[in-house]
Amino acid sequence: MRIVVAAVGKVKERGLREAIDEYAKRIGRHARFEEVEIKDGPDVEVAARFRRATPDRSRVVALEVQGVAWSSERLAELVRSAENGGVSAIVFLIGGAYGLPAEISREADVRLSLSAMTLPHRIARLVLVEQIYRAYTIVRGEPYSH
């Protein structure tokens, strides 16, 4: 199983980068983790870049302010069902300053909201990778602080 986080922009702040890398390493104990940084641009180009970052037989999750809010347990269920259902990867998409291209959002299997508030893409990425790691600890029955 692969976990792919495809996000517009780069995380340049050292503390955030270190925290994201730490959770990526933890996720790597359970699944192959990939982070794809997408160059911003016109929606057509950004959409094409997101599509190239999405392997075949993937479950695609678009992060959207208007998406559905899930509990950590519900995210764990997505991971569990993907692992048991022949899904090659779960791909999480994070847009730039203006969000995801509309066509990419419409094509996603799930539109997920991390918060009703708008988060900067780099903060959203940190929250997301922590929650992915937490989902794996739930699926595997491993202890993790609550």
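Remarks
- Top-ranked residue in region 116-146 [being of a type in the set (Gly, Ala, Ser) and surrounded by 12 or more Cβ atoms within 10 Å (Cβ to Cβ); ranked as farthest from the chain's Cα centre (by Cα)]: Ala135
- Taking first residues from region 52-66 that are assigned to a loop (DSSP other than H, G, I, E, B) and partners that are loosely packed, with under 13 Cβ neighbours inside 10 Å and modelled with pLDDT under 95, the Cβ contacts under 8 Å between residues at least 6 apart in sequence or on separate chains come to Arg57/Gly86.
- Inside region 98-117, residues that are touching a residue at least 40 places away in the same chain (Cβ under 8 Å) and touching a helix residue (DSSP H, G or I) at 6+ places or on another chain (Cβ under 9 Å) make up a count of 11.
- So Ala102, is it of a type outside the set (Ser, Thr, Tyr), surrounded by fewer than 14 Cβ atoms within 10 Å (Cβ to Cβ) and closer than 18 Å to Leu126 by Cα: no
- Apart from one condition, Asn84 fits all of (1) over 14 Å from Tyr23 (Cβ atoms); (2) of a type in the set (S, T, N, Q); (3) touching a residue at least 12 places away in the same chain (Cβ under 8 Å); the exception is (3).
The values are calculated or read from the model by the stated rules, or taken from the named source; none is laboratory data. Note that the coordinates shown come from a computational prediction; the quantities given were computed from them, not determined experimentally. In this analysis, Cβ positions are derived from the backbone assuming ideal geometry, glycine residues included, and neighbour counts consider all displayed protein chains.
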